[in-house]
Every structure is written in structure tokens, then in C-alpha cells.
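Below you'll find the structure, written out as C-alpha cells, and then a few comments.
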Amino acid sequence: MSGVSQWPELAWGDWAATADTLHMWTQIVGKTRLALTPLQNHWWNVPLYVTARGLGTSAMDYGDDVLDIEFDFLAHELHLRMGSGGTQVMKLKARTVADFYEEYLGCLKELGVSVKIDPMPCELAKPVRFDLDTEHASYDPEYVHRFWQVLVHAEKVFRAWGTGFLGKVSPVHFFWGSFDLAVTRFSGRAAPPRPGADKIQREAYSHEVISAGFWPGNGGFGTAAFYCYAAPVPEGLAEAKIRPDGAGWDKALGEFVFKYDAVRALAAPEKAMMEFLESSYGAAADVARWDRAALERR
């Protein structure tokens, strides 16, 4: 397999079944992180992170020990590792979510880790308990590897974009609930309560944000894309013009979108991505009247 030197094709229809299965597997591992880590602002204790081989949890405290878990998308294995030396390995292959979940709990038990995981998936229209999910059972290693390649490229640009902001900014997170990579900037002002917000949304959007990210096409969108949105959405944002050509406001989503295929077709995808981030953030920050002079590096 190739490394990370290219922006690969990632047509949603070619790997949707694999992505939906992988989504559930990342939720299982992510819920372990949720159970073992103390709450941080905006749920920053729960995401996964891009690694040199896939996605991982980073070290999580467990008594006097530490545990980390990593999806290896080169060897196609899941590694569970204790600081004291214990390890367990699961093969990533076509199998049901229920089968994966059962073996995963067995690996934790072998390591002496006792953790209560909520078996109901998050942020889905029709969730099915992990232990009962025999529908999602696909795994195409080539497309999983491509997905990781895109995450590596996207994180590189998101990290570079973060250097220009002096205000509060998140790490680059992979949120397993929504199955997307995201980075968020904050104005420093509290946000008004969101009507009908649940516990997750109340914590995530307690303050004004402009967030950018990448998602592969899940949730009904049907195509991989980069996005940028403001929460709350300031009046007039939909009329703002952004760059480069091909990027713009998606009325149905209520945010700016730059489709992945349009990005990868360009001679300099990273440059185009950065232009999209700067332009969409600038439009949102201006309409929302952020104090850009104080928040940005000049």
C-alpha cells in the first residue's frame, strides 16, 4: 500500500458499508475513553487522535497503570496496550459489530481492565446496540487506509491553520460520535442556550465557536467534504462569499462546504484548503463581530 504522499479517491458509495462498520468500532473504543477519563470542557476528553498508523486514544489512567488503544490502519489491527506491559491485538477484518464488541470486551478482561461501556451508539438516527448489531459487518482495508491518508493530510492543514489564532482553540480531534475530524476556535464569549439541546450539545456549544473539519460523507450527505460553521449562526452568514471557487454555503446544512473531490483535483490541495479555512472563518468572524484584532496573530 502507498504511504501518505497523495490525496486518494474516497467516493462514499464505494466504502459506505465499511465506513458505517468502522464508525461503530470507533464508538466502542471511544466510549472506553469516555468511561476512563474525567470530563474536560466541550468533551475534549473523549475524541480519538490521528496517529502515524491510524487513530488512537492516547494514554488513559487505569488505577496505577495506563491504557492506550490504537487502530492500526496499515497492519489492520487494533492494539490494546498497558503501561505495565500487557498487550492484546485484534484483527481488523470483515465481521459484525456484535462479534467485534464481544472480542473487544474479552481483550479488556484479559488485560485486567474493568470498564462500563454504554452499548448504545451515539448521534445516529436509528442506533442498534453494539451487542445486537449484526447488520454492520464490512471492512475494506484499502478504503480504510485511504480514509486514514485523508485524515493525515487534513490534520496537517488544520494544525497549520491553528498557528494564526491567539484565542482558545481546540486540538485537532476525531469525534467518533459524528465520525469526523474537527478543530474549533472560540471567541471567548458565552453562547446563548441552544433550544432543545441535549447534554452533549449543551457542553459542546456553551461558548461561541467557529469550527472546521472533514467528514467522509456519512450522515446522509453522501460525499466527502470539508466544512466550516459558526455556532450560533450569525444573521447574514449565508450571504457571505468565500474562496476558493467551488466552496460555498450549503443551505441544507447551514454551513460552508468545500467538497473533497474538488480539493483533490487542484494542483495545490493544501493551499486551497487553507484558503477555504481562512476565508470561511473570516466571513463568520466578521459577521459575528469577533474581536479579531485581539484573537489573531498579526
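Points to keep in mind about this one:
- Residues satisfying the stated conditions in the range 187-200, i.e. of a type outside the set (Gly, Ala, Ser), over 14 Å from residue 123 (Cβ atoms) and modelled with pLDDT under 95: 192, 193, 194, 195
- Test: residue 53 is open to solvent by 50 Å² or more (accessible area, probe 1.4 Å) and not assigned by the TED database to the domain that holds residue 207: yes
- Subset of the range 227-258 [in contact with a helix residue (DSSP H, G or I) (Cβ under 6 Å, 6 or more places away or on another chain) and farther than 15 Å from residue 186 by Cα]: 236, 237, 240, 242, 243, 244, 246, 247, 249, 256, 258
- Where a residue in the range 201-221 is closer than 24 Å to residue 127 by Cα and its partner, wherever it lies, is in a helix (DSSP H, G or I) and of a type in the set (Val, Ile, Thr), with Cβ under 8 Å and at least six apart: 214/150; 216/150
- Residue tally, condition among the polar types (S, T, N, Q) and either in the same structural domain as residue 204 (by the TED database) or loosely packed, with under 14 Cβ neighbours inside 10 Å (or both), over the range 56-85: 1
- Within the range 4-41, considering residues that are of a type in the set (Gly, Ala, Ser) and open to solvent by 40 Å² or more (accessible area, probe 1.4 Å), the one modelled with the lowest pLDDT: 5
- Scanning the range 124-156 for residues that are of a type in the set (Val, Ile, Thr), out of contact with any strand residue (DSSP E or B) (no Cβ under 9 Å at 6 or more places or on another chain) and either in a helix (DSSP H, G or I) or buried (at least 17 other Cβ atoms within 10 Å of the Cβ) (or both) yields a single hit, 128.
- Condition met for residue 172 (aliphatic (A, V, I, L, M), touching a strand residue (DSSP E or B) at 6+ places or on another chain (Cβ under 7 Å) and either modelled with pLDDT of 95 or more or open to solvent by less than 20 Å² (accessible area, probe 1.4 Å) (or both)): yes
- Selection within the range 175-187 - touching a residue at least 60 places away in the same chain (Cβ under 8 Å) and either open to solvent by 70 Å² or more (accessible area, probe 1.4 Å) or touching a Phe, Trp or Tyr at 6+ places or on another chain (Cβ under 7 Å) (or both): 179, 181, 185, 187
- Residue list for the range 100-123, restricted to those being assigned to a loop (DSSP other than H, G, I, E, B) and either in contact (Cβ under 8 Å) with a residue 60 or more places away in the chain or under 22 Å from the mean Cα position of the chain (by Cα) (or both): 115, 116, 117, 118, 119, 120, 121, 122, 123
The values are calculated or read from the model by the stated rules, or taken from the named source; none is laboratory data. Computed from a predicted model, the values in this text were never measured in an experiment. Neighbour counts are summed over all protein chains in view; Cβ atoms, including those assigned to glycine, are modelled from backbone coordinates with ideal geometry. Keep in mind that these areas ignore ligands, DNA and RNA; they rest on the heavy atoms of the full protein, side chains included. Shrake-Rupley method; radii C 1.70, N 1.55, O 1.52, S 1.80 Å.
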